[in-house]
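K.L.:
A single structure is presented below for examination.
The values are calculated or read from the model by the stated rules, or taken from the named source; none is laboratory data. This one's a predicted model, so the numbers in the text were calculated from it and none came from an experiment. Glycine gets a Cβ as well: all are built from the backbone with ideal geometry, and neighbour counts include every protein chain shown. Note: areas computed on protein heavy atoms with side chains; ligands, DNA, RNA excluded. Shrake-Rupley method; radii C 1.70, N 1.55, O 1.52, S 1.80 Å.
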Amino acid sequence: KEQYYSEQHSSLINKAYQTLLNPLSRGLYLLELSGVEPVQETDCDADSEFLMEIMEINEKLAEAKNEDNLEEIETLIKVKQEALTKEVTAAFEQDDLQEAKKLLAKMKYFANLEDKLKAKKIPS
């Protein structure tokens, strides 16, 4: 019985750690704790400039021919994610949950780009 409880708690601790480790999942969890509706990608009030940026990165990713192109895109995505993480942190510190929600929606776009990049880097 003790072993069963230990396994259950270990699983919960690992899940909590993974949630808090990633800025996007951590932000989503903080919004959930505050009673804010779940984030949708449509929540970012995506201006045309932001959507164009996402489309351009998607196109670069689709057209990437070699490892150097992929590394360049990876760097770009990381820089954007770091900037958004800082903005989300500031929004939470100012208790501006709606702004945090918009920024987290933008972070979801970049998380999707990161997933596409990882899939493209895996040799088929």
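K.L.:
Applying 1/(1 + (r/R0)^6) with R0 = 30 Å to the Cβ-Cβ distance of residue 49 and residue 14, what FRET efficiency is obtained, to the nearest 0.05?
P.N.:
Between residue 49 and residue 14 the formula returns 0.15.
K.L.:
Another one. Order the peptides 33-40, 110-117 from the highest to the lowest mean number of other Cβ atoms within 10 Å of their residues.
P.N.:
Top of the packing list down: 110-117, 33-40.
K.L.:
Related question: Counting heavy atoms of the protein chains only and a 1.4 Å probe, report the per residue accessible area for the chain as a whole number of Å².
P.N.:
71 Å²
K.L.:
Can you return the lysines within cross-link range of residue 101? Criterion is Cα-Cα under 19 Å, with same-chain partners fewer than 8 residues away left out.
P.N.:
List returned: 80, 86.
K.L.:
If I fit a long axis through the Cα atoms of helix 97-121 and take the longest principal axis of the Cα atoms of the chain, what angle between them do I get, 0 to 90°, rounded to 10?
P.N.:
70 degrees
K.L.:
Using a simple charge model, +1 on the beta-carbon of Lys and Arg, -1 on the beta-carbon of Asp and Glu, nothing else, what dipole does the chain show about its Cα centre, in debye to the nearest 20?
P.N.:
540 debye
K.L.:
If you don't mind, another one. Of the accessible area of segment 1-86, with the probe set at 1.4 angstrom, what percent is carbon plus sulfur?
P.N.:
Exposed carbon and sulfur together represent 52 percent of the surface.
K.L.:
Using a cut-off of 14 Å between beta-carbons, work out the net charge of the residues near residue 34 (Lys and Arg +1, Asp and Glu -1, residue 34 not included).
P.N.:
Net charge in that neighbourhood comes out at -4.
K.L.:
Return P(r) of segment 1-121 (all Cα-Cα pairs; 10 Å bins starting at 0; whole %; ordered from short to long distances).
P.N.:
12, 36, 29, 16, 6, 1
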